[in-house]
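The values are calculated or read from the model by the stated rules, or taken from the named source; none is laboratory data. Computed from a predicted model, the values in this text were never measured in an experiment. Cβ coordinates were reconstructed from backbone atoms using ideal geometry, including for glycine residues, and neighbour counts include every protein chain displayed.
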Amino acid sequence: MKRTPKEVEDSARLVTRRGAVLGGVQLLFMGGLALRMRQMQVEEADEYRLLAEENRINMRLIPPARGVIYDRNGVPIADNSQNYRIIIVREDAGDVEEVVRRLKRLVPLDENDLERALRELERRSPFVPVTLADRLSWEDFSRVASNAPALPGITPDVGLSRHYPMAEDFAHIVGYVGPVSDYDLSRIEDPDPLLQIPKFQIGKVGVETKLEDRLRGKAGTRRIEVNAAGRVMRELGRDPGIPGVDLQLTTDWRLQNFAQARLANESAAAVVMDVETGDLLAMASAPAFDPNKFVRGISSRDYGELTANTYRPLANKTVQGTYPPGSTFKMMTGLAALKAGVMGPEETVWCPGHFQLGRRRFHCWKRGGHGHVSFDKAIVQSCDTYFYEASRRLGIDPIEEMCREFGLGERFDLPISAVAEGLIPSVKWKAQVRGETWRPGDTINASIGQGYVLTSPLQLAVMTARLATGRKVMPRLVKSIDGLETEIAPTEPVNVPAHLMEMTRRAMYRVSNSDRGTARRSRIVEASMEMAGKTGTSQVRNITAAERAAGVFKNEDLPWERRDHGLFVCYAPFDRPKYAVSVVVEHGGGGSSAAAPPARDILLFALYGGIPPVEAYPSDQRERMRTMYEELVLRDPPDPGPSRSRA
Amino acid sequence: MSYLEHSVKRVPTGARKILYLNWPLILLIAAVASIGFLMLVSVAGGRVDRWAEPQMIRFVMGMVAMFIVAMVPIWFWRNMAGLAYLFSLALLVFVEFFGVTGMGAQRWIDLGFMRLQPSEVTKITLVMILAAYYDWLPLNKVSHPLWVLIPVAIILIPTALVLKQPDLGTAILLLAGGGIVMFLAGVSWWYFGAVAAAGVGLVSAVFASRGTDWQLIKDYQFRRIDTFLDPASDPLGAGYHITQSKIALGSGGWTGRGFMQGTQSRLNFLPEKHTDFIFTTLAEEFGFIGGISLLILYGLIILFCVVSAFGNRDRFGALLTLGIAAAFFLFFAVNMSMVMGLAPVVGVPLPLVSFGGSAMLVLLVAFGLVQSAHVHRPRGS
């Protein structure tokens, strides 16, 4: 900008004037700072000096004891164990290498941990305590304690760490805790100062994370005196804080352990539910993993093994696994048809082994056909054609409505991770989500629990309980929090006429108790515990025309991941139902051979409250069952002693 | 021929420029930085390699940058002001999407050898563009409402971006720094009065809204204000830092406890002792004498800038020099107020002393601009 000399002078004068004003303000402010400094450092110096002396009294946070999780009988599933540690202070140790060398002769030290600790020691100030070794045995720990004079700078110390005495059994329900990560912190606004404690454990999965707020508790404080070198001289007092709240789950540790052991070699899930209260007595998902490994910080090798396993041990298949329910779905289609009146209670359908819809042919599992089939026979022998015809008359939407009555397609509000909603298709769903029109063939597929239909084992158990009682039972996992029983919501009846429910129950009874029933081999002969059930076999593949022609039908001929899922739902005793059980065996083959036997064993274990007597089984199976039970390895009852320390 | 073009002919050229640098200013800067190195050695427990050594390397790099900037004629920098401003805006937008968020939500770009905080760069480019703007604007239009709106927009755009990071401390510094340049340029007092009144109104509205359903800020933000007003209310959280910082400062007394003898800093009672709270260590170990000496050194740096600006007939150079001096003043004033418990804890480092690469480098480049304005100032007949 070109300016005349006058303008330049005007500008300079203005800037100088304003600059002088600003300079004055700045000078005043600096004067203020100087006065404040004088006030604090000269006039009030003595007070502050005194405070600084007192400041040798330092406040440290004490992590509260995490709430213990018990099973329904009060046996601990997740508790806190003493964690014996060795702590080193560089300043006091002098020659760190020499001290570590001496320590190594006394206790085994993990090379990786040691290296990490030494690096941290190098980085931190010389008076900061650093954990050298963690989770020592009591013997090693006491050996270090008694050799303390020879180990300058080394302090034995006791902390608390999460411990899961049931190991694998509750891995999927309770989940596990682990050290707070930066990612965890970034998700929390205004985090609890506790979370800043290095290696503080918070819930990562399952009940541990869903009920973290109740389990964690409030931090306590410790007033300690430190000397001029920063070493802790003595403790002056402590406020222990508020420990986390204890929880009691509805699960029974013995039944859970049995179910887990019974399914051990399969990729499978089983849910046991009390049909009256909705209490989940067991939710087994096999294979499982040891949550204690995660508490310590799992090695990448172990973690890699878990993720590489095709049986997916990390997934909780009871709530997160969704499967086509196959024939276990037929009660829904049948009830919907009977309720709507498109099918009479005694009306029969002709099954020639297939069903023709326009130019498409849908096959019944029995190639020769079932002949004349009524509702009862259709359930007992699991005839597909009957339900194809019923659904053709009905359309998909009444079936979907019936499913909602029984809890299919509903995400139950349980405090576990990844509870799935499953999928009950409808005309609207297909239009909205997939942008396609619903085809008649889709209804036919859905009528036998194939096609788009997906349900979780939990939902199947809820369905079975509701079939058994005719009431809308809701699943419940938390029995009490802090000694206060959680409420059991009052149930309303399902919106189905009682005589139709009765018919269905009788048909389910005959599934396992009549000569032609698909689960006859899995019947219970003990008269007071007779079982009603339904088998299901769901395809995970389409049988191609070529395969049909070539006759590749046998499951055993297929690779594992293409085999059928085996399903079974049941309840017992038939006349006054107590427990409902659902079992899904992934790629296990037919429901009657793969899923029904373990379901019966689990149901019997629940009814007897222990290993059932072989007399409950049909006489020709007793010898085999005896051997199986002898070989089954179950967990011993936990030591009732004072081991559940809450120190 | 204008006055400026006539008078710049006497501006020194080539290597002779070195003789005309503002050498006292350079010595003052080196003196303050040296105090910083000393304190960084102390808080590291006597170790040089932890913080002091990297800081020295950055200081030397910064000094080189300062000399290079100083050698380039000031009118080049004036012409670059717009580009520099746009560049810093682009960086701010860039970090919004690709930056790394560290502790306390400050965002930076990892350049490999250092972490660049675009908000630091913006503090200087904002002063540059405003100085260039008022250099271009005819004097009689300075207080015209339309010509006031433009610089206000120039200030608010980066402020909003920084606020979004969120970095309240830097946002306030940008606002204050920009406002000061407008004030220096001669914008009418009335505008500043109106803004001050609106500010008072807003603050009272925020407090009046507490607990009502139209509450203007979040609960935790209120708690931070509570903590500032009464540190004892949160003795383990943020209040702890202020309390400990005050104790460290006060216990220094007249002469301090001696180099590396401060118990407060040594015993880890102090947070961020190598960055934002480094002044407390100085005050604890060297007492009132040490603290006041640093304050005087800072004052002298401002004074030399002001003197240079008053003798500068180039409007851009004068505004730039005073603007940078004001920004520098804001840094140490806010930081010292914070550690003395006179202002809430906002993350503002102590200039030239606190550990940190971006701040140091940007400040030295800024002083390079001051030097360039000084060397290339029009010399009257």
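Just a few scattered comments:
- All positions within the range B:296-315 that are among the aliphatic types (A, V, I, L, M), within 10 Å of chain A (Cβ to nearest Cβ) and closer than 18 Å to B:Leu363 by Cα: B:Ile302, B:Leu303, B:Val306, B:Ala309
- Any hit, the range A:428-441, residues being of a type in the set (A, V, I, L, M, F, W, C) and touching a residue at least 40 places away in the same chain (Cβ under 8 Å): yes
- A single member of A:Thr469, A:Thr437 is more than 30 Å from A:Lys204 (Cβ to Cβ) and within 30 Å of the chain's Cα centre (by Cα), and it is A:Thr469.
- Residues located in the range B:83-109, provided they are modelled with pLDDT of 90 or more and surrounded by fewer than 16 Cβ atoms within 10 Å (Cβ to Cβ): B:Leu83, B:Leu86, B:Phe87, B:Ala90
This table checks each residue for (1) within 11 Å of chain A (Cβ to nearest Cβ); (2) assigned to a helix (DSSP H, G or I); (3) closer than 23 Å to B:Asp167 by Cβ; (4) modelled with pLDDT of 95 or more.
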position: B:Thr275; (1), (2), (3), (4): no, no, yes, no
position: B:Gly287; (1), (2), (3), (4): yes, yes, no, no
position: B:Val334; (1), (2), (3), (4): yes, yes, yes, no
position: B:Ser337; (1), (2), (3), (4): yes, yes, yes, no
position: B:Gly341; (1), (2), (3), (4): yes, no, yes, no
position: B:Val353; (1), (2), (3), (4): no, no, yes, no
position: B:Leu361; (1), (2), (3), (4): no, yes, yes, no
position: B:Phe367; (1), (2), (3), (4): no, yes, no, yes
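- On inspection, A:Ala308 passes the criterion of being more than 29 Å from A:Glu410 (Cα to Cα) and surrounded by fewer than 18 Cβ atoms within 10 Å (Cβ to Cβ).
- Looking across the range B:200-221, the residues that are at pLDDT 75 or above and either within 14 Å of another protein chain (Cβ to nearest Cβ) or within 17 Å of B:Val346 (Cβ to Cβ) (or both) come down to B:Val203, B:Val206.
- The set of residues in the range A:183-223 being at pLDDT below 70 and outside any helix (DSSP H, G or I) consists of A:Glu189, A:Asp190, A:Pro191, A:Ile197, A:Pro198.
- In the range A:499-529, residue nearest to A:Ile399 (Cα to Cα) [restricted to those that are part of a helix (DSSP H, G or I) and touching a Pro at 6+ places or on another chain (Cβ under 7 Å)]: A:Met503
- For the range A:462-486, the candidate set comprises residues that are free of Cβ contacts under 8 Å to residues at least 60 places away in the same chain and touching a strand residue (DSSP E or B) at 6+ places or on another chain (Cβ under 9 Å); within that set, the residue that is surrounded by the most Cβ atoms within 10 Å (Cβ to Cβ) is A:Gly470.
- Residue in the range A:476-498 that is over 33 Å from the mean Cα position of the chain (by Cα) and assigned to a helix (DSSP H, G or I) present: yes
- Of all residues in the range B:129-146, those that are away from chain A (no Cβ under 14 Å) and either in a helix (DSSP H, G or I) or in contact with a Phe, Trp or Tyr (Cβ under 6 Å, 6 or more places away or on another chain) (or both) total 3.
- Within the range B:129-143, residues that are within 13 Å of B:Gly186 (Cβ to Cβ) sit with their Cβ atoms under 7 Å from residues that are at pLDDT below 90 and of a type in the set (S, T, N, Q), at 6+ positions apart or across chains, in these pairs: B:Leu139/A:Ser11; B:Ser143/B:Ser188.
- Odd one out for B:Gln244, checked against (1) facing chain A (nearest Cβ under 9 Å); (2) surrounded by fewer than 24 Cβ atoms within 10 Å (Cβ to Cβ); (3) at pLDDT 75 or above: (2)
- Scan of the range B:14-60 for residues that are under 13 Å from B:Gly356 (Cα atoms) and surrounded by fewer than 19 Cβ atoms within 10 Å (Cβ to Cβ), ordered by number: B:Phe37, B:Arg50, B:Glu53, B:Pro54, B:Met56, B:Ile57
- Selection within the range A:416-441 - among the β-branched types (Val, Ile, Thr) and assigned to a helix (DSSP H, G or I): A:Val427, A:Val433
- If you go through the range A:97-123 and keep only what is assigned to a helix (DSSP H, G or I) and either buried (at least 19 other Cβ atoms within 10 Å of the Cβ) or touching a strand residue (DSSP E or B) at 6+ places or on another chain (Cβ under 6 Å) (or both), you end up with A:Val99, A:Val100, A:Leu103, A:Ala117, A:Glu120, A:Leu121.
- Considering only residues in the range A:235-282 that are in a strand (DSSP E or B) and of a type in the set (Gly, Ala, Ser), the one that is surrounded by the fewest Cβ atoms within 10 Å (Cβ to Cβ) turns out to be A:Gly237.
- Taking the conditions (1) surrounded by 19 or more Cβ atoms within 10 Å (Cβ to Cβ); (2) under 35 Å from the mean Cα position of the chain (by Cα) in turn, A:Ile88 satisfies each one other than (2).
- If the condition is being out of contact with any strand residue (DSSP E or B) (no Cβ under 9 Å at 6 or more places or on another chain) and part of a loop (DSSP other than H, G, I, E, B), then the range A:367-406 contributes A:Gly368, A:Gly395, A:Phe406.
Let's see how each residue does on (1) modelled with pLDDT of 85 or more; (2) more than 9 Å from chain B (Cβ to nearest Cβ); (3) assigned to a strand (DSSP E or B):
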| residue | (1), (2), (3) |
| --- | --- |
| A:Arg3 | no, no, no |
| A:Ser11 | yes, no, no |
| A:Ala20 | yes, no, no |
| A:Gly23 | yes, no, no |
| A:Gln26 | yes, no, no |
| A:Phe29 | yes, no, no |
| A:Ala34 | yes, no, no |
| A:Ala52 | no, no, no |
| A:Arg60 | no, yes, yes |
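- For the range A:283-293, filtering for residues that are surrounded by 24 or more Cβ atoms within 10 Å (Cβ to Cβ) and of a type in the set (A, V, I, L, M, F, W, C) leaves 3.
- Residue in the range B:110-159 that is surrounded by the fewest Cβ atoms within 10 Å (Cβ to Cβ), counting only those that are modelled with pLDDT under 90 and small (Gly, Ala, Ser): B:Gly112
- Whenever a residue of the range A:112-132 is away from chain B (no Cβ under 14 Å) and at pLDDT 80 or above, its partners that are surrounded by 15 or more Cβ atoms within 10 Å (Cβ to Cβ) and assigned to a helix (DSSP H, G or I), lying with C-beta atoms within less than 6 angstrom and at least six residues away or across chains, give the pairs A:Leu132/A:Ala117.
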